[in-house]
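> Dropping the structure in here first, questions after.
Computed from the coordinates by the stated procedures, all read-outs in this text should not be read as laboratory data. Worth saying up front: this structure is predicted, and the values here are computed from it rather than measured. Counting neighbours? That spans all protein chains shown, and the Cβs are built from the backbone with ideal geometry, glycine included.
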Amino acid sequence: MAESFPLVTGVHGEYEWLACEHCLDDLLDLCPDLVIGKYVAVTSVDSGHYFPTAEELAAGWERRNGIAYSPKVRSVQTLPREGWDEWYVFDDPVDLGGMAARESNPFVASLGPGEVYAFVNYNDLGLHRTDNQGLALYFWKQFDWIRPRTYIAESGDYLVVISKDREQFATARRALTSLDSPPSDGLKSDNT
């Protein structure tokens, strides 16, 4: 596990981002509107491809070139999550092309439209880590051509949320920050 850190925020162009130690389930419990009514391109689940079940395919899920695409999300329970997950969230259906071959190297690739790398799987995409900005440069190069409404990724150590929707981002930031705050119910602890 990485060293503990507070929720960290930053800006990339029109997007705001945060990195924290909370989990995807926390985020979805507190901020389901990040995905409800939208379409999700799933590029990683449990650090691999996601294969929708027959029932999910019948409900509108699609799988093209290693990427799973949700129908319009009606419930967060319909989205797969197992850790090492990466989602690109859009207002409308999209086609990102395909996942890059596992043996390909994002550090020498052109990182252009049509070939997607699951950066959540490149050992701790911590946008907040100053010692890891080399990886972040490659991530942002890919991100800039994909241009989702929101990006959500959960690795072993970090939850990363990036959004151009300022209101939803602020709600997510407040909600996740509140998880770190002690309850303010006016009661004294047993230790005082």
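> Over all directions, average the projected area of the Cα convex hull of the chain and note it in nm².
Directional mean of the projected Cα hull area for the chain stands at 12.7 nm².
> I've got another one for you. Taking 7 Å along the Cα-to-C-beta vector as the label spot, tell me the Asp29-Ala58 distance in nanometres, rounded to one decimal.
That separation, rounded to one decimal, is 3.2 nm.
> Which of Lys141, Lys38, Lys72 ends up with the largest GNM mean-square fluctuation for the chain, with Cα atoms connected below 10 Å?
Fluctuation is largest for Lys141.
> Quote to one decimal, in nm, the extra length available between Glu14 and Lys141 on full extension: 0.36 nm per residue of separation minus the C-alpha distance between them. Don't jump to the answer; show the numbers that get you there.
Numbers: separation 127, 0.36 × 127 = 45.72 nm, distance 1.44 nm.
In short, 44.3 nm is gained.
> On to the next question. Given a cut-off of 18 Å, what percent of all Cα-Cα pairs of region 9-65 lie beyond it?
That tail contains 56 percent of the Cα-Cα pairs.
> Now for a separate question. Which value at 222 nm does the chain reach when only helices count, each DSSP H run of 4 or more adding -39,500 (n - 2.57), with the total divided by all residues and rounded to the nearest 500 deg cm²/dmol?
-6000 deg cm²/dmol
> May I ask you to derive the FRET efficiency for Gln77 and Val108 from their Cβ-Cβ distance with R0 = 35 Å, giving the value to the nearest 0.05?
For R0 = 35 Å, the calculated efficiency reads 0.30.
> Another question about this same structure. On a full-extension model of 0.36 nm per residue, what is the gain between Asp92 and Ala170, subtracting their alpha-carbon distance, rounded to one decimal in nm?
So the chain would gain 25.8 nm between Asp92 and Ala170.
> Scan region 1-82 for GluC sites (Glu not before Pro) in coil per DSSP, keeping those whose Cβ has at most 13 other Cβ atoms within 10 Å, and list them by number.
Glu3, Glu14, Glu82
> In nm, give the distance between the simple-model label positions of Phe51 and Ile36, each being 7 Å from the Cα along the Cα-to-Cβ direction.
3.3 nm
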